[in-house]
Amino acid sequence: MRAVVMAFPEKRWENYTLPVADEPVVRLTERRLLMSKRIDDVLTVVRKDKLRTYSLHVLNPIPVSARSRMEALLKAMPSEPFFLAEGNMPLIMPFLVNYMIGLFYENEPEALIPVWRDGTAEITHAVYESDALKDAIEAALAEGYKSLSRITEFLDYEPLPIEELAKRNPKVTLSFFRVRRSFDVIFAEKTLEKTAE
C-alpha cells in the first residue's frame, strides 16, 4: 500500500521541517511509515511554492496549489487505497500501521479511522479507499467546509477504538503524537531514543 503524508501548512506556525534528532520531522514521519511491512511507497503532498525546500527533505514530493489541506489532498490523491498521515508525526508505530492496513483489507470499509473515546477521529492516521474519500471531500467542499476533519460526516468509515488498542499495547498512543512546538521536539527525541534501545 502507498502512504500519503500531508506536509501542507495552512497556518504560518506550522512547520514540517522542524528538526527532530537532527532530521526534519517530515523525513522521520516518512521513515517510520516505510518501516511498516505493508507500506511500499510514500508520497508527500507539499505546497507548490515550498517545493524547493521540501525536495531537499522528502522522498517523493507532490507539489500542489490549493487553499486548504482538503483541496490539496483531493488534487494529489492516489487512485488506489492509501494510508494518510500528517507530516509532523515522527512516532508513527509501524506495527499499528501494519495492523490497520490488515484490518482495512479484511473488512473492506470505505475508511478505517482511529477514534478516541471522546469521539475525536484521527483522520490523518487512517486508511482510505480513494474513491470514497474523493466523494467525501467533494461533498464536504460543496457544503462549504474547509477543514479536513469534516470528511467523517460524509464517509461510511469503520472506527478503530484507540483506548482499546492501547490496553493491549500502550505504545499505540505515541503513534498519534504530533510535533508542533519546541517542547514536542524534546519529547519526540527522548521517545525515539527509548524506542531505538
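The values are calculated or read from the model by the stated rules, or taken from the named source; none is laboratory data. Predicted model only: the values in this text are computed from it and were never measured. Here the Cβ positions follow ideal geometry from the backbone for every residue, glycine too, while neighbour counts run over all protein chains shown. Accessible surface areas use protein heavy atoms only, side chains included; no ligands, DNA or RNA. Shrake-Rupley method; radii C 1.70, N 1.55, O 1.52, S 1.80 Å.
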Residue list for region 1-31, restricted to those being in contact with a Leu (Cβ under 7 Å, 6 or more places away or on another chain) and in a helix (DSSP H, G or I): VAL25, GLU30
Of these, TYR157, TYR145, TYR128, which one is surrounded by 14 or more Cβ atoms within 10 Å (Cβ to Cβ), in contact (Cβ under 8 Å) with a residue 60 or more places away in the chain and hydroxyl-bearing (Ser, Thr, Tyr)? TYR145
Taking the conditions exactly as written (on the phi < 0 side of the Ramachandran plot and either open to solvent by 20 Å² or more (accessible area, probe 1.4 Å) or touching an Asp or Glu at 6+ places or on another chain (Cβ under 6 Å) (or both)), does GLU30 satisfy them or not? no
Pick from region 38-96 the residues that are charged (D, E, K, R) and part of a strand (DSSP E or B): which of them is nearest to ALA166 (Cα to Cα)? GLU86
Among (1) open to solvent by 20 Å² or more (accessible area, probe 1.4 Å); (2) over 18 Å from the mean Cα position of the chain (by Cα); (3) farther than 24 Å from LEU91 by Cβ, there is one condition LYS194 misses while meeting the rest; what is its number? (3)
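If you check VAL45 against the conditions, is it under 15 Å from ALA126 (Cα atoms) and of a type outside the set (D, E, K, R)?
The answer is no for VAL45.
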Just one of ARG168, ARG181 is within 19 Å of the chain's Cα centre (by Cα) and not aromatic (Phe, Trp, Tyr); which is it? ARG181
Can you work out which of the residues in region 77-112 that are closer than 17 Å to ALA140 by Cα and either open to solvent by less than 20 Å² (accessible area, probe 1.4 Å) or of a type in the set (A, V, I, L, M, F, W, C) (or both) is modelled with the lowest pLDDT? MET77
Within the bounds of region 137-147, is there any residue that is outside any strand (DSSP E or B), of a type in the set (Ser, Thr, Tyr), under 24 Å from ASP40 (Cβ atoms) and more than 13 Å from the chain's Cα centre (by Cα)? no
When you look at ILE62, is it farther than 27 Å from PHE187 by Cα, surrounded by 15 or more Cβ atoms within 10 Å (Cβ to Cβ) and free of Cβ contacts under 8 Å to residues at least 24 places away in the same chain, yes or no? yes
